[in-house]
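Note sheet for the following structure.
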Amino acid sequence: MEGLVSSRIFPIRAHSTRHQSFFLPSFSLNFRKKLNRIQVGMTRQSKSFSLVYASVQPLEGSKLGYFDNMLPSRDVLELWRNADTVCFDVDSTVCVDEGIDELAEFCGAGKAVAEWTARAMGGSVPFEEALAARLSLFKPSLSQVQDFLEKRPPRISPGIDELIKKLRANNTYVYLVSGGFRQMINPVASILGIPPENIFANQLLFSNSGEFVGFDTNEPTSRSGGKATAVQQIRKACGYKTLVMIGDGATDLEARKPGGADIFICYAGVQLREAVAAKADWLVFNFGDMINALE
């Protein structure tokens, strides 16, 4: 999920199909009371979802420009091949959509949220302020979120399931580190075989009657610099030697710091954010390139 910074963004047109391509990947209410609020984590078995595959069209050559990091250095390849941990962003990386925008559109506030996001992109806005402002525009109820999950199954990026299977076969641990919401990420993780304890994301909060009351500010990903904090926590707690962060936005780039990610791989298969792509250790437009590098 992109940090709110000023940069040129080239969206890649996406379309969805259902169960039609061999080459494209497929994709319980747990209540924890906290004061007068309820944190709801929704995870259903994959069979309860109508699986939706997503494909993206590559950028035109004239828009792609030139980036000298599209061919990784020997050191970057070595770190990638020997990583014992890989952390993925979710929105516009593992999935082709931005979760909050999709939920807002479903709740009838898509335009308002998109316009606010566009304004925020022009300046320096702390992530927590941007998140609170957008949520306040439509205040999704518990029933709306449940309905959204039933009617809008996640659209998985092409090749991500194959990549994760390859990483797992190489005994590499996989985490999802996102500024999105657990309620929408849990189904994605379930489909990809990623355990709930390997998810670092935000949590929508609801009252006992199911009304929206906010989000859990104790989650590290709920604020600016949160992904870097989450990655540092993951590395410190488990003692991982080599950790890689993969994502599309500035908040993912921030994770590459001492005690955090050793390298940052920018995935621009959905959104190309020039300011982020230029600073990445490796810029990829297809997860297949990363899979091939592991062979």
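In this structure, the residue pairs whose Cα-Cα separation is over 27 Å, taken from Lys139/Lys236; Lys166/Lys241; Lys165/Lys236, are Lys139/Lys236.
Just order 208-217, 182-191 by mean Cβ neighbour count inside 10 Å, highest at the front, would you?
On the way: 208-217: 14.1, 182-191: 23.1.
So the order, starting with the most tightly packed, is 182-191, 208-217.
Under the simplified labelling scheme, the Leu294-Glu197 pair shows an inter-label distance of 2.2 nm, with each label point 7 Å from Cα along Cα→Cβ.
Count the net charge of all other residues whose Cβ sits under 12 Å from the Cβ of Ser224, scoring Lys and Arg as +1 and Asp and Glu as -1. Working shown, then result.
Values: positive: Arg223, Lys227; negative: Glu128, Glu129, Glu254.
Computed value for this residue: -1.
Computed from the alpha carbon atoms alone, the convex hull of the range 68-157 holds 162 Å³ per residue. Label positions at Arg168 and Asn286, each projected 7 Å from the Cα along the C-beta direction, are separated by 2.4 nm.
Which FRET efficiency, nearest 0.05, do Ala278 and Lys111 yield, Cβ-Cβ r, R0 25 Å? The partial results should precede the final answer.
Details: r = 31 Å, r/R0 = 1.24.
In this case the efficiency is close to 0.20.
If Rh is defined by the Kirkwood formula over all Cα pairs and Rg also comes from Cα, what ratio Rg/Rh do you get for the range 153-295? Don't skip to the end; give the middle numbers.
On the way: Rg = 15.5 Å, Rh = 16.1 Å.
Here Rg/Rh amounts to 0.97.
Read-outs: derived from the displayed coordinates by stated rules, not from any lab. The structure displayed is predicted, hence computed values, not measured ones. Ideal geometry is used to build each Cβ from the backbone, glycine not excepted, and the neighbour counts take in all protein chains shown.
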